[in-house]
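This is the structure, below, for whatever I ask next.
The values are calculated or read from the model by the stated rules, or taken from the named source; none is laboratory data. Computed from a predicted structure; not experimentally measured. Heads up, the Cβs are rebuilt from the backbone with ideal geometry, glycines too, and the neighbour counts pull from every protein chain shown.
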Amino acid sequence: MSQRFRSLLLAWVLLMVLLAIEFGTSFLPLDRSARPLVLIPAVLMVAVVGTIFMEVGRGPEIVRLFAVAALLWLSMLLGLGSLDPMTRIDYPVQAAHPR
Amino acid sequence: MPEASLTHEFQYSSARHQAETAISGMWLFLATEVLFFGALFLTWIYSRHWNQAGFDAGARRTDLAIGTINTVILLASSFIFSAGLAFIEAGNTRRLIQCCAIAWLLGIGFLILKFGIEWREDFSKHLFPGPDFAINGPLGGGARIFFVFYFLGTAVHGLHMIGGLVLVGWIILRARRDEFSFRYYTPVCVVGLYWSFVDMVWIVLYPLIYLVGRGP
């Protein structure tokens, strides 16, 4: 019990540190298009919650399958969905002249 | 994972099989929830890409202090519920009830801050994307889309929180009736998964709403 509690407490401290990093980096003078990098600590926090609080490594094999499937579907959704905005080139449109 | 309960339903080969099915079922449900929220996150990516300046103007009008306090509250709530699960694994029902009660109260605190204070302030500052929206000019369109995302995202997350609070309350009631022991605590595991997932969603929403658009 105390071993499990210790690992939970450690995870919570780690989450607080990651939150502080995330909070701090949001004030860095990053370019507007580079600002989504602020999300990196959030991704690590999700991983900590998934592995330690939700114990994805414990339990039946199918739990891992569902977790991996969720990540795969999510990456397909976000990857394919953002393909258009990330790769489209906008060409300036010539202004119409009134006759 | 609970080792065994005393009885099991007829369709399962053992109590362990029943417990594993319940936990796997919750994980499958959460996998569908990932896609549900994934669509919301995709709208953020797409909308911000085309309206970066307007999105950032909207994000700077959000209440960073309340957002950050709420993040700490939810992380603490998830940690404390997980601690309660560890306590019942060791057979300590009293500590489970205490942990669940604290987790429940923290959840209520989150909702009060979010909807009782922050949303009220947002409405009074005319940040709801309606006819008297506060941000006008060239950034108005992007800021409107940001606040549609903000209100939709926080409302959907809030509904999940309310569902989670009902479930945590149900665990407290069952624990008070002494229905859990070190041999049977599957519902605590299942509700714990859901509660941590709601926390996970907020971990992603927090920077999308409050942090990415901020900065010098």
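On the given criteria, is A:SER75 within 7 Å of chain B (Cβ to nearest Cβ) and hydroxyl-bearing (Ser, Thr, Tyr)?
It is false that A:SER75 is within 7 Å of chain B (Cβ to nearest Cβ) and hydroxyl-bearing (Ser, Thr, Tyr).
Ok, one more. Residue by residue through the range B:42-55, note down the ones that are surrounded by 21 or more Cβ atoms within 10 Å (Cβ to Cβ) and out of contact with any Pro (no Cβ under 9 Å at 6 or more places or on another chain).
The answer is B:TRP44, B:PHE55.
(1) under 20 Å from the mean Cα position of the chain (by Cα); (2) outside any helix (DSSP H, G or I): which one isn't true of A:GLN94, the others all being true?
That leaves (1) as the condition not met.
With respect to B:LEU35, is the statement that it is among the aliphatic types (A, V, I, L, M), under 16 Å from A:LEU77 (Cβ atoms), surrounded by 16 or more Cβ atoms within 10 Å (Cβ to Cβ) and out of contact with any His (no Cβ under 7 Å at 6 or more places or on another chain) true?
no
Out of everything in the range B:5-32 that is surrounded by 14 or more Cβ atoms within 10 Å (Cβ to Cβ) and part of a loop (DSSP other than H, G, I, E, B), what residue ends up being modelled with the highest pLDDT?
By that ranking, first place goes to B:TYR12.
Could you look through the range B:56-82, keep only residues that are surrounded by 24 or more Cβ atoms within 10 Å (Cβ to Cβ) and of a type in the set (A, V, I, L, M), and pick out the one that is nearest to the other protein chains (Cβ to nearest Cβ)?
B:LEU75
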